[in-house]
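What follows is a single structure, written as structure tokens, with notes after it.
Quick note: the coordinates plus some simple rules give every number you see, no bench work behind them. Just so we're clear, the structure is a prediction, and the values are computed from it rather than from any experiment. We place every Cβ from the backbone using ideal geometry, glycine too, and count neighbours over all the protein chains shown.
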Amino acid sequence: MKKILIVGAGGQIGSELVTYLRGIYGGSNVIAADLRENEKLAADGPFVKLDALDQSSFAYTVHKNGVDAIFNLVALLSATGEKNPQLAWNINMGALNNSLEIAREYKCAVFTPSSIGAFGGDFPRQNTPQDTVMQPDTMYGVCKVAGELLSNYYYSRYDVDTRSVRFPGIISNVTLPGGGTTDYAVEIFYSAVKGEKFVCPVRDVYMDMMYMPDALRAMVELMEADPAKLRHRNSFNIASMSFTPDIIYNEIRKRIPDFEMTYRIDPVKQNIAEGWPDKLDDTCAREEWGWKPEWDLSSMTDDMIRAIKAKNL
Ligand code: SER
């Protein structure tokens, strides 16, 4: 990767990926693109206001800048997707389709995140294998499975260098996630640090989670991996921690003893969470490109509390 374009750069992952990639590849070589103006992303490198569904503007940006790698981070997340499934399909598949077509024309590599949300139906919830039943019943999951297949198709049919991971819920402290089922695992930290009681929308359900620094490193390590070693491409299971709301609540209480949590179940989110894996098996990622997480529940909790305290909210 020499010249990188990140579409959907203003979101939870993009806003940190831009900084991370600029640190590795040089500020001017990482172009951030988003639907909305973003002063922070424009401060230390190129920024383009771009609608990823507008194929000709997207293609023009790639061509004009000599882009050789596209990170497509445009997506409506799982809970929002259930409020407006047609919009979720149009945005999630439209941005991916444009990324793949433009990559085919201009010979770019493409990274698009898949998700734990791609799983569904009768699959093993414990140590969910890389290759198993994937019959999701959310529009978000349908888009993720379709996206994995389409990305594999572009690789085998057109030799587009597509690679991707199935992200767990991402825990971070720069930009809030929005509309996801795993968002509670970020929001809980803000309540804890602000001294507020947290109202949790899901209960007694394990979901895979990952701290942002591991997620950022995973993207770069996969994109830089030796292609000869990749048996899979779209998409690799990756894992680092898995917990229920009670488990993370108790972990935070070890550091903030008077923190309180109560439940008000969101039936849509609860239902989605129960349909997802409890814990992924990431053996293929470990074997094929050396994936290894560096953060666990305890170290992530320490760092989240430190970082959110430093914001002086
Ligand atoms: N974080 C996403 C969601 O909850 C899952 O990939 O929708």
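Key figures for this structure:
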read-out	value
Simple Cβ-charge dipole of the chain, Lys/Arg +1 and Asp/Glu -1, about Cα centre, in debye nearest 20	500
Farthest positive-ward along the stretch 208-272 dipole, Cα basis, beta-carbon charges - from Phe243, Met212, Ala225	Ala225
Long pairs among Lys49/Lys269; Lys194/Lys292; Lys3/Lys229; Lys3/Lys309; Lys229/Lys279; Lys194/Lys269, criterion Cα-Cα beyond 30 Å	Lys49/Lys269; Lys194/Lys292; Lys3/Lys309
Trypsin sites (Lys or Arg not before Pro) restricted to DSSP loop in the stretch 1-79 with at most 11 other C-beta within 10 Å	Lys2, Arg36
The stretch 206-313: trypsin sites (Lys or Arg not before Pro) in DSSP coil with no more than 12 other Cβ atoms inside 10 Å	Arg231, Lys254, Arg264, Lys311
Fully extended contour minus Cα-Cα distance, from Glu224 to Asn127, at 0.36 nm per residue	32.3 nm
Estimated FRET transfer efficiency when R0 is 30 angstrom, pair Leu149-Val268 (beta carbons, to 0.05)	0.70
Computed log₁₀ I(q)/I(0) - Debye formula, equal Cα scatterers, no solvent, the stretch 171-313, q 0.13, 0.19 Å⁻¹	-0.62, -1.15
Sum of -39500 (n - 2.57) over DSSP H runs of 4+, divided by residues of the chain (222 nm, nearest 500)	-13500 deg cm²/dmol
The chain: relative contact order in percent, alpha carbon pairs under 8 Å with at least 6 residues between	18
